[in-house]
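What follows is a single structure, written as structure tokens, with notes after it.
The values are calculated or read from the model by the stated rules, or taken from the named source; none is laboratory data. No experiment lies behind these values; they were computed from the predicted model shown. Neighbour counts are summed over all protein chains in view; Cβ atoms, including those assigned to glycine, are modelled from backbone coordinates with ideal geometry. Side chains included, ligands, DNA and RNA excluded: accessible areas come from the protein's heavy atoms. Shrake-Rupley method; radii C 1.70, N 1.55, O 1.52, S 1.80 Å.
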Amino acid sequence: MTNLETGEHPVVAGVDGSESALHAVRWAAHEAARRKTSLRLVHVCHLVPVRHPRQVAPPPDYRLAVLDQGRHWLTEAEEAVRHAVPDLAVAADLRDGITADLLIEESLTAQMVVLGSRGLGGFSSLLVGSVAIALSAHGHCPIVVVRSGAAVQQAHEEGPVVAGVDGTELSDEAVAFAFDAATARGAPLVAVHAWSDAEIAAAWVALPGTIDRDYLQARAEQDLTERIALWRAKFPDVAVREVVVRDRPVHALLRHAAGAALVVVGSRGRGAFTGLGLGSVSQGVLHHAECPVAVVRTGRTEPTRPGP
């Protein structure tokens, strides 16, 4: 059975007191309700060391103030959830440590972890914060990053789910998650495959007579159809549109993500270096998509595998 059917794992949302995190909490609440599971709110207090003489204990008021602030932010998040989805089962936890490390630990038992695109103290020039990048690269379950802005969030609620398909095993994990997400929403799914990149395009310029673009397009369309055929059979109620384009993957996904409810990518795709936890495509989509972005890694994601 799938996570969607059992509700075995909760949806986890990171809370840090920022408006971005509150938008993410509301999104996570609706997603938990769709998936018939509970929501777990987590705030991590990082107690920055205070310099003091070796023989003097650190001031107790500092620790108490940080913990009280964390409790306040969790209470604020719980109120936002009660307003968004009144009957949802919600738990809140205040933890002490390194935010990224503890949220990666949370991802071991979560159905997904949801974060805002930027937390408190984020630089205005950064579209996605360091915690979101770290979780997307190293989390054990799908990580969803929600862009700030109520107007943006509302504009994408009724859109399709967009999945990037590149023909790898990791891409299959992302497609599995995308079909589950589309089912939960009753939304259509757009499967996008881009069959060229900058390196191939450069080769075509040098050897224009050696490439049959029509053949490559037809072959890519056939490959995509075969790649998702079993998923279509497993989820017959999901309306699927297949899109195959000669374009850079990031460009193609961003174009089709305009107005989408969610765009789903793998953490590493074709041509990625094995030592890197997050590929250029997933990073590009994370930084530039206005809609929520789900990054799916291989591991304990427990997707619904089609039967033979």
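Quick one: what pairs do we get from region 287-302, first residue over 11 Å from Ala174 (Cα atoms), second charged (D, E, K, R) and modelled with pLDDT under 90, C-beta under 9 Å, 6+ apart or different chains?
Ala289/Arg147; Glu290/Arg147; Cys291/Arg147; Pro292/Arg147; Val293/Arg147; Gly299/Glu173; Glu302/Glu8
Here's the yes/no breakdown for (1) open to solvent by 20 Å² or more (accessible area, probe 1.4 Å); (2) at pLDDT below 95; (3) closer than 25 Å to Val295 by Cα; (4) not hydroxyl-bearing (Ser, Thr, Tyr):
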{"residue": "Ser20", "(1), (2), (3), (4)": "no, yes, yes, no"}
{"residue": "Ala32", "(1), (2), (3), (4)": "no, no, yes, yes"}
{"residue": "Pro49", "(1), (2), (3), (4)": "yes, yes, no, yes"}
{"residue": "Val56", "(1), (2), (3), (4)": "yes, yes, no, yes"}
{"residue": "Pro86", "(1), (2), (3), (4)": "yes, no, no, yes"}
{"residue": "Ile98", "(1), (2), (3), (4)": "yes, yes, yes, yes"}
{"residue": "Ile104", "(1), (2), (3), (4)": "yes, yes, yes, yes"}
{"residue": "Gly116", "(1), (2), (3), (4)": "no, yes, yes, yes"}
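State whether the residues of region 89-101 include one that is of a type in the set (D, E, K, R), in a helix (DSSP H, G or I) and within 23 Å of the chain's Cα centre (by Cα).
yes
In region 133-171, which residues are at pLDDT 70 or above and within 12 Å of Ser20 (Cα to Cα)?
Hits for region 133-171 are Val145, Val146, Arg147, Ser148.
Against the conditions (1) among the hydrophobic types (A, V, I, L, M, F, W, C); (2) modelled with pLDDT under 90; (3) touching a His at 6+ places or on another chain (Cβ under 8 Å), where does Val190 fall short? Just the number, please.
(2)
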